[in-house]
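To start, the structure itself, in structure tokens.
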Amino acid sequence: MIRLQLPNEAGVLARVTQAIATVGGSLGQIDLVERTRKLTIRDLAVDAASSDHAEEIIQAVKKLDYIKIVDFYDRTFNLHRGGKITIENKVQLKGQDELAMAYTPGVGRICTAIAKDPEKVYTLTVKQNMVAIVSDGSAVLGLGNLGPAGALPVMEGKAMLFNEFAGVDAFPICLATQDTEEIVRTVKNIAPVFGGVNLEDISAPRCFEIEARLRQELDIPVFHDDQHGTAIVSLAALINALKLVGKSIEEVRIVMNGAGAAGVAVARLLRLAGARYISMCDSKGIISRDRSGLTEQKLEFAVDKGGSLADAVVGADVFIGVSVPGVLTVDMVRSMAPEPIVFAMSNPVPEIQPEIARDHVAVIATGRSDYPNQINNVLAFPGVFRGALDCRAKTITQSMYLEAAKAIASLVETSEINRENIIPSVFDRRVVTAVSAAVQQAARQEGIARA
């Protein structure tokens, strides 16, 4: 955001916008702040590709005669300043009566009632609608091990999304430990407050053990969004992409690139949905049984013969990347089967840029919001928890993931599916309702719903 002082003359603002455009800035909203006979003050919102690009834009404007930059700031930093969430009271304390009921002495009766019947904690406290968002900061987005403080902005954002899209109250909990035992112990100790636990940005393979342990030792839903949210939305997108090209999930050859938490979870859910031919690759290429030191999760998908990613994609129908930028080339895409489907979900830079792949694929999807077909976990986790909380599910199962994916896919009518429309928008308000209903139905069928 740039605040400018300009001469109040025709054509001056056009000089500014031209200067910004010349260095590749994308102009957004322009607001008039103040105007006198001689001067105007305006705020210009400009999209920049990076911090360096933003500085280039500022310097281009500074070179203009008679134009003064009053102030400029990064709108993203400004949005985060002071944090993005707050806690508000649901009940107003208007006088002594309300105070006496909300706190002492009236609250004592509520405490006694819960002590006598622990199930009442769900109806008389925040537990029925409260989720803990737990991270140790060991795998923050695609940025690496940033620690708990570095993870906090992401967890705050997650809490916003829970509340905005599903009406679920959530609180960020970033732990100053990366020890598996200590994380499990800490989450168990705080669990009485929460109706569910969302694990986030915990590195593999520890995330697998932490989730498994907590599911065994807690009686509330535990969900690792990096794994299962990604898997649900990827399957939903693939269901509709396959409809577009007239192929079945049972027959297509799928290449997974990335064998961390997300890659393993996606592959597992694809298998549950009927996929039979999956080749999983990591930084060393195709995962084969003759490799030493494979994790339990990689062994699950190991094949007899190794090779490079380029070898794996030859003749493949589907590429799903949850890995690193730029690993998929145009030549690799050309070597795939006719009408290939490419999900390049490395974020913010995908495995292949849509611009260079578009002419060689039937469908391309990414994790970014500035391209069509965004595979975004926000389509899954708010509805999954809304459903799990509403039916008081003891846990969250693979069957619930599968039904959630089908529910998301069903929101795009077959007649509306095209190469740029295989998945609903994250702002489609039907998504949470559909996912929640699917999760609750699956929970009841499996006998794990308590309400």
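On the basis of being surrounded by fewer than 18 Cβ atoms within 10 Å (Cβ to Cβ) and under 23 Å from Ser323 (Cα atoms), does Asp290 make the cut?
Details: surrounded by fewer than 18 Cβ atoms within 10 Å (Cβ to Cβ): yes; under 23 Å from Ser323 (Cα atoms): yes.
So Asp290 passes the test.
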Scanning segment 411-441 for residues that are of a type outside the set (Gly, Ala, Ser), over 18 Å from Ser369 (Cα atoms), part of a helix (DSSP H, G or I) and touching a helix residue (DSSP H, G or I) at 6+ places or on another chain (Cβ under 8 Å) gives Thr414, Val432, Thr433, Val435, Val439, Gln440, Gln441
Looking at segment 187-240 only, could you name the residues that are free of Cβ contacts under 8 Å to residues at least 40 places away in the same chain and among the polar types (S, T, N, Q)? Asn189, Gln216, Gln227
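Residue by residue through segment 319-331, note down the ones that are part of a loop (DSSP other than H, G, I, E, B) and either out of contact with any helix residue (DSSP H, G or I) (no Cβ under 9 Å at 6 or more places or on another chain) or open to solvent by less than 50 Å² (accessible area, probe 1.4 Å) (or both).
Selection gives Val322, Ser323, Val324, Pro325, Gly326, Val327, Leu328.
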Test: Ala316 is farther than 27 Å from Asn377 by Cβ, in contact with a Lys or Arg (Cβ under 8 Å, 6 or more places away or on another chain) and modelled with pLDDT of 90 or more: no
From Ala316, Ala362, Ala344, Ala337, grab the single residue that is out of contact with any Phe, Trp or Tyr (no Cβ under 8 Å at 6 or more places or on another chain), open to solvent by less than 10 Å² (accessible area, probe 1.4 Å) and either free of Cβ contacts under 8 Å to residues at least 40 places away in the same chain or not charged (D, E, K, R) (or both). Ala316
Keeping to segment 206-231, report how many residues are farther than 17 Å from Gly260 by Cβ and open to solvent by 10 Å² or more (accessible area, probe 1.4 Å). 6
Going through Gly137, Gly150, Gly144 one at a time, which residue ends up being surrounded by 15 or more Cβ atoms within 10 Å (Cβ to Cβ) and on the phi > 0 side of the Ramachandran plot? Gly137
Of the criteria (1) touching a Lys or Arg at 6+ places or on another chain (Cβ under 8 Å); (2) assigned to a helix (DSSP H, G or I); (3) open to solvent by 30 Å² or more (accessible area, probe 1.4 Å), which one Gln178 fails: (2)
Being among the small types (Gly, Ala, Ser) and either part of a helix (DSSP H, G or I) or open to solvent by less than 10 Å² (accessible area, probe 1.4 Å) (or both) is the filter here; which residues of segment 237-257 pass it? Ala237, Ala241
Could you tell me which of the residues Ile396, Ile408 is β-branched (Val, Ile, Thr), in contact (Cβ under 8 Å) with a residue 12 or more places away in the chain and assigned to a helix (DSSP H, G or I)? Ile408
Any hit, segment 239-262, residues being over 18 Å from Asn198 (Cβ atoms) and of a type in the set (Asp, Glu): yes
So which helices (runs of 4 or more DSSP H) stay within segment 53-155 end to end and still have 3 or more residues that are touching a residue at least 24 places away in the same chain (Cβ under 8 Å)? 75-80
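The values are calculated or read from the model by the stated rules, or taken from the named source; none is laboratory data. Computed from a predicted structure; not experimentally measured. A quick note on method: Cβ atoms are made from the backbone with ideal geometry, for glycine too, and the neighbour counts reach across all protein chains shown. Each accessible area value is taken on the protein alone, full model and side chains, heavy atoms only, with ligands, DNA and RNA left out. Shrake-Rupley method; radii C 1.70, N 1.55, O 1.52, S 1.80 Å.
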